[in-house]
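Some notes on the structure that comes next.
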Amino acid sequence: PRIISNQSFSVEAWAYPNNVTVNAAVLSNSTSQILQIGASNRWQFLDCISPGVTVSISAWIHLAGVYYSSNNTCYLYGDGVLRNATLMSNELTATKITIGTKNNVAYFNGTIDEVKMFNYSKSPDEINASAKGVWNDIPLL
């Protein structure tokens, strides 16, 4: 699957980090990490960094990122709760998606499960349901 730069999309994954490595990618493409451990050990979706949730070692978290092309805004959710919304500063590039690394450099040390991509912006209720294990949608991946 590919992310198309001018279209809305959503991504979800369960992550269980064994350690904290800045820029360790859960999902990425060749030009940017899509879901990652960002600066100050915070979860990050594209330009959207969670302001108050640090990465917990040896604990599962449901991560979801939603991008709305209509207002060029990205939303980061952790365990079904909106953590931050940010206006995008960079344009997305349509390239293939990789799981657990970016360009074989920024490796995620841990377990990644139930990775899903959608070609639309999921609602907060849909994200919350996914975090609770209720799947009512058909992902692209």
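The values are calculated or read from the model by the stated rules, or taken from the named source; none is laboratory data. A quick note: this is a predicted structure, and the numbers were derived from the prediction, not measured. Cβ sites come from the backbone with ideal geometry, for glycine too, and all protein chains shown count toward neighbours.
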With (1) touching a residue at least 60 places away in the same chain (Cβ under 8 Å); (2) exposed (fewer than 15 other Cβ atoms within 10 Å of the Cβ) as the list, and Leu27 as the residue in question, which single condition is left unmet? (2)
Answer with yes or no whether Lys116 is surrounded by 14 or more Cβ atoms within 10 Å (Cβ to Cβ), at pLDDT 90 or above, under 24 Å from Val55 (Cα atoms) and of a type in the set (D, E, K, R). yes
Pick from segment 71-93 the residues that are closer than 23 Å to Ser30 by Cβ and surrounded by fewer than 12 Cβ atoms within 10 Å (Cβ to Cβ): which of them is modelled with the highest pLDDT? Ser89
Among the residues of segment 33-48, write down those that are over 17 Å from Asn18 (Cβ atoms) and at pLDDT 75 or above. Gln33, Ile34, Gly38, Ala39, Ser40, Arg42, Gln44, Phe45, Leu46, Cys48
